[in-house]
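*Asks:* Here it is: the structure, laid out below.
The values are calculated or read from the model by the stated rules, or taken from the named source; none is laboratory data. Here the structure is a predicted model, which is why all the values come from computation and not from measurement. All Cβ positions, even for glycine, are placed from backbone atoms using ideal geometry, and neighbour counts span all protein chains on display.
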Amino acid sequence: MAEKQVNVTMRGNPVTLEGSLPKIGEMAPDFTALKNDLSPARLSDFKGKVCIISSVPSLDTPVCDLETRRFNQEAGGLGDKVAILTISMDLPFAQARWCGAAGVDKVITLSDHRDASFGQAYGVLIKGLRLLARCLFVVDKEGVLRYVQLVKEISQEPDYAEVLNSVRSLI
């Protein structure tokens with residue numbers, strides 16, 4: 001697995017990401033992650049919908065909590081032509097517990113803990129920590145990657161307006 005030092009930090013400390021970010025305009029890499037019921041989910045399961053893929057370190061941290069709640073709120077205004085996937089290394093049981101406690105019912109949480117299939121395919125796996133970097137991807141209904149936002153300081157929120165504008169231009 002190729003390692004790449006990018007200009008990404010976690011609480012000010014540089015981190016190394018494994019792999020490379022996919023390129024805008026190319027087919028988004030497929031991956032397999034686990035749903036909260038431990039069944040597999042693939043990106044290809046969502047073909048025909050515009051997908052926001054939100055890669056986060058852990059739902060049990062303040063910024064990931066805020067980000068996922070925000071996308072859950074935004075989901076209502078985007079309609080059923082959009083799927084919002086939040087992917088972390090959290091165990092599926094922890095994701096289910098967090099969603100219940102947070103009242104998150106529109107965002108689909110997926111766990112990459114088993115194989116790091118998503119983290120490796122999308123170049124957001126943090127070497128040595130086995131966590132995912134904060135990154136947003138928008139995939140159109142045909143499966144083409146249309147937008148990428150790698151958040152340079154993992155402890156900060158993304159630019160929601162940019163992500164949502166990208167999605168709205170596709171629906």
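*Asks:* Does segment 56-75 contain any residue that is under 25 Å from K141 (Cβ atoms), crowded, with 19+ Cβ neighbours inside 10 Å and at pLDDT below 95?
*Replies:* Yes, segment 56-75 contains a residue that is under 25 Å from K141 (Cβ atoms), crowded, with 19+ Cβ neighbours inside 10 Å and at pLDDT below 95.
*Asks:* If I filter segment 17-33 down to residues being touching a helix residue (DSSP H, G or I) at 6+ places or on another chain (Cβ under 7 Å) and within 15 Å of I52 (Cα to Cα), which single residue comes out as surrounded by the fewest Cβ atoms within 10 Å (Cβ to Cβ)?
*Replies:* In this case the residue turns out to be D30.
*Asks:* Does D60 fit the bill of being touching a helix residue (DSSP H, G or I) at 6+ places or on another chain (Cβ under 6 Å), assigned to a loop (DSSP other than H, G, I, E, B) and of a type in the set (D, E)?
*Replies:* Judged against the criteria, D60 is not a match.
*Asks:* Okay, moving on. Residues D90, D45: which one is assigned to a loop (DSSP other than H, G, I, E, B), at pLDDT 95 or above, charged (D, E, K, R) and surrounded by 13 or more Cβ atoms within 10 Å (Cβ to Cβ)?
*Replies:* D90
*Asks:* Ok, one more. Might you check whether a residue that is in a loop (DSSP other than H, G, I, E, B), out of contact with any helix residue (DSSP H, G or I) (no Cβ under 6 Å at 6 or more places or on another chain), of a type in the set (V, I, T) and within 16 Å of V50 (Cα to Cα) occurs anywhere in segment 148-171?
*Replies:* yes
*Asks:* Same structure again: Within segment 21-35, how many residues are in a loop (DSSP other than H, G, I, E, B), within 15 Å of the chain's Cα centre (by Cα) and not basic (K, R)?
*Replies:* Count: 6.
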